[in-house]
Amino acid sequence: MFDQLFGNYLVDTKRITAEQFAEVLAVQSTVRVKLGLIAVAEKLMTMEQADEVNRLQAVMDKRFGDIAVGKGYLTEEQISAMLKKQGNIYMVFVQTLVDNNVLTLEEIEGALVDYLQDMELASADKAVLMSGNIDDIINLFLPKADEVYARVCGVAIRTIFRLIDSTARVGKAFWCGEYSTDRLAMQEMDGDMQSAIGFAGQGSCLLAIANPYAMEEFAEVDLDALDAVGELINNINGMFSSSLAKEGVETDMIPPAFYDHPVKISGKRLCVFPIFIKNDRLDFIVSIDDKLNVDKV
C-alpha cells in the first residue's frame, strides 16, 4: 500500500507527474533494490561511501556487501538484515524512482518528511509505512477507537485488497454524527453486539467495487449494482461474525439495505474510512452499539 499512498502524494504535491507515477508502478515489479540504496536510506552509510563502493565494484569481482564490510562501512550482521529488505515495497518504490531519474534519494526523504507532517503522523510511523504491513498501516489512518472498530475495518480493507483491487489505498478515517451520500449499501447485525457497516459513494464511485465483485459491468449504481455491493458487505460481516463467534459473541446478520438515492445517516458515533480505488473514492462506514437513522434527502 505504501507505493500508492506515497506515490499519489508525490503527484498531488506536483513533485512527480501522473505519467511518471504510472511508469514507476509499471516497472517496479522488475526492480531489485540495491544494497547501497538501502544502506544510505537506513543511514548506515553516506552517499559518498556508497558511490565509492559502486566504483570499486566496477574493477573488483566482489559483491557490494563484501566490499563495504572490507572497507569497514558495514558489518556482516547489517548486510544480512539489509538483504531481507531487498523485497520491501518501500525500498522497491524508492529504487525505481531513483533508477528512472524521477527523484533523488534526498528529494524522496524530504517528501516523506512532508508527507508525515501533512498526514499528522509521527516520525516513528515512518517505520510502519516502510514495513508494508497492511494491518499496521490501516491502524495509522484509523482515529483512536476501540478494538472492535479496528477489527471490522481491518477485515473490510483486507477484503478489498484481496477481492477487488490490490492497488487500493486508504485515506484518514474520521468520526462524525451525520453523513450524507448519493448511494449506500448497508447491513446491520444484532445479538450480543449490535453493529452496522456499509459502503457509500458519490455518483458512480460504488461501481469500483460492484463491477469487480459481481464480475459484471453495471452502467450505473442502480439496485442491481447495490446488490453486488451488499453481497460484498455480507461477505465482510460473515468473516467478522465468525471471528466474534470464536470468542463466544453470537450475532445475527440482517439482510442488507440499499439506497439508490441521496440519504443522510445519523447516529452517535460513525466511523468513516475513505478507500480509494484508482480515481474513485468510496467510504466504509462503521457503527458499533448504536441505533442508526437513514433518511432520504
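No lab work stands behind these numbers, since they all come straight from the coordinates. Fair warning: this is a prediction, and the values are worked out from it, not measured in the lab. All Cβ positions, glycine included, derive from the backbone under ideal geometry; neighbour counts span all protein chains shown.
A compact table of results
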read-out	value
Segment ASP252-LEU105, extension gain: residue separation times 0.36 nm, minus the distance between their alpha carbons	47.7 nm
Using alpha-carbon coordinates, inclination of helix 89-99 to the longest axis of the chain, degrees	50
Helix 2-12 vs. the chain, principal-axis angle (Cα, 0 to 90°, nearest 10)	90
Cross-link partners of LYS85 among lysines (Cα-Cα below 26 Å; sequence separation of 8 or more within a chain)	LYS34, LYS43, LYS62, LYS71, LYS126
Region 1-46: trypsin sites (Lys or Arg not before Pro) falling in loop per DSSP and having at most 13 other Cβ within 10 Å	LYS14, ARG32, LYS43
Per-residue HN-Hα couplings for region 152-159 [Karplus 6.51, -1.76, 1.60; θ = phi - 60°; Hz; x = Gly/Pro]	5, 5, x, 4, 5, 6, 4, 5
Listed residue (ASN234, ALA185, ALA111) projecting farthest to the positive dipole end of the chain, Cβ model	ALA111
On Cα atoms only, tilt of 47-57 relative to the major axis of the chain in degrees	60
Segment LYS126-GLU216, extension gain: residue separation times 0.36 nm, minus the distance between their alpha carbons	28.5 nm
222 nm mean residue ellipticity, helices alone, for the chain (DSSP H n ≥ 4; -39,500 (n - 2.57); rounded to 500)	-14000 deg cm²/dmol
Charged-residue dipole, Cβ positions (Lys, Arg, Asp, Glu), region 35-85 about Cα centre, Debye nearest 20	120
Listed residue (ALA18, ALA156, LEU74) projecting farthest to the positive dipole end of the chain, Cβ model	LEU74
Charge dipole magnitude, Cβ of K and R +1, D and E -1 - the chain, Cα centre, debye nearest 20	780
Interchain or long-range residues, amide H under 5 Å from GLY191's placed H	ASP252
Of ALA219, ALA124, PHE199, farthest towards positive along the dipole that unit charges on Lys, Arg, Asp, Glu beta carbons give the chain	ALA124
Where Rh is the Kirkwood radius over Cα pairs, Rg/Rh for the chain	1.07
Global geometry of region 139-297, whether rounded, prolate or oblate, following the gyration tensor of its Cα atoms and the 1.5 cut on a/c	rounded
Label-point separation, GLN194 to LYS296 (7 Å along Cα→Cβ), nm	2.5
Gap separating the Cα centres of region 94-123 and region 67-85, nearest whole Å	24
Semi-axis lengths (Å, descending) of the ellipsoid that matches the C-alpha gyration tensor of region 1-76	31, 13, 11
Two-decimal Rg/Rh across region 78-168, once Rg and the Kirkwood Rh are taken from alpha-carbon atoms	1.01
Estimated vicinal HN-Hα couplings, Hz - region 262-270 in sequence order (Karplus 6.51, -1.76, 1.60; Gly, Pro = x)	x, 9, 10, 9, 9, x, 6, 8, 9
Neighbourhood net charge (15 Å Cβ-Cβ; Lys/Arg +1, Asp/Glu -1) for GLU107	-2
In region 169-239, GluC sites (Glu not before Pro) in a DSSP loop with at most 13 other beta-carbon atoms within 10 Å	GLU216, GLU217, GLU220
